[in-house]
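The values are calculated or read from the model by the stated rules, or taken from the named source; none is laboratory data. Since this is a predicted model, take the numbers as computed values, not measurements. Every residue, glycine as well, gets a Cβ built from its backbone with ideal geometry; the counts of neighbours run over all protein chains shown. The accessibility values were calculated without ligands, DNA or RNA, using every heavy atom of the protein model including side chains. Shrake-Rupley method; radii C 1.70, N 1.55, O 1.52, S 1.80 Å.
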Amino acid sequence: MQSPSAADVTTRPKLVVLIASTRPGRVGLPVGRWVYERAVEFAGFDVKLVDLAELDLPFLDEPKHPAQGDYVHDHTRAWSGIVDDADAFVFVFPEYNNGITAPLKNAIDFVSKEWAFKPVGLVSYGGQSGGLRAAQMVKQVVTTLKMVPVTEAVAITFVSQSLDESGAFAPDDRVVNAASAMFHALQRWATALQPMRNGT
Ligand SMILES: Cc1cc2nc3c(=O)[nH]c(=O)nc-3n(C[C@H](O)[C@H](O)[C@H](O)COP(=O)(O)O)c2cc1C
């Protein structure tokens, strides 16, 4: 598959790569950095890396339902601004106890309309399952918020085996190709959904 031409660059969708595990020593950091670098290389997006550990959101502490968008906390307004500004997302997340991580669910719940009509690529990882059970749970949640999870996902099995001596993520071609297919799909969906995001 070819990367987008230079002519497309002026209208590049904004992509947020979200690192969704927060514990010290997490694999999510090297995997997320690798995904970010591949997204930049793809050259079809303006890419931003957002790390939930750095964002440091508390558990949802807004008095009103997020769908009202009437936030009282600065941390919510900051997170709302990041989500609202993006046209597409990649969530990078592990599977914890066959399910979604608490920080990811919390970050999704914190805001509402800001997610709507935006595609999301799922990069899951874990042991034998490659985080697929968590990925299925993420789909259930994000479709409720009118996001479109693209079919072209990346599931990384036995993730710790793909870390090199320096701790960087160094996956095989299967993962590299899956990520490339995901970026292409995200770009197409981000463009197709633009009128929906504009409310037209
Ligand atoms: C609380 C917890 C629960 C886990 N549950 C699963 C699981 O259900 N399936 C799986 O494949 N790996 C599981 N693992 C192993 C993780 O895939 C592995 O530790 C991975 O590095 C976690 O991602 P992180 O380093 O970004 O936190 C679990 C790890 C933790 C810490």
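Charged neighbours of residue 80, selected by a Cβ distance under 12 Å, balance to -4 (K, R count +1; D, E count -1). Name the residue from 112, 168, 75 whose Cα lies farthest towards the positive end of the charge dipole of the chain, charges +1 on Cβ of Lys and Arg and -1 on Cβ of Asp and Glu. With unit charges placed on the Cβ atoms, the residue in question is 112. Taking 16 Å as the straight-line reach from the Cα of residue 139, the lysines in range (excluding those fewer than 8 positions away in the same chain) are 105, 118.
The heavy atoms of residue 48 present about 90 square angstrom of accessible area, all protein chains included, probe 1.4 Å. Within segment 11-198, the proportion of C-alpha pairs whose separation exceeds 21 Å stands at 46%. If you take the Cα centroid of segment 112-166 and the Cα centroid of segment 28-44, the two points sit 14 Å apart.
Magnitude of the Cβ-charge dipole of the chain, K/R +1 and D/E -1, about the Cα centre, nearest 20 debye? Before the final figure, lay out the partial values.
On the way: 18 positive and 22 negative charges, 108 e Å.
That gives a dipole near 520 debye.
In nm², what is the average projected area of the convex hull enclosing the Cα atoms of segment 107-183? Write out the running numbers ahead of the final one.
Values: hull surface 23.0 nm².
Its Cα hull, projected and averaged over all orientations, spans 5.8 nm².
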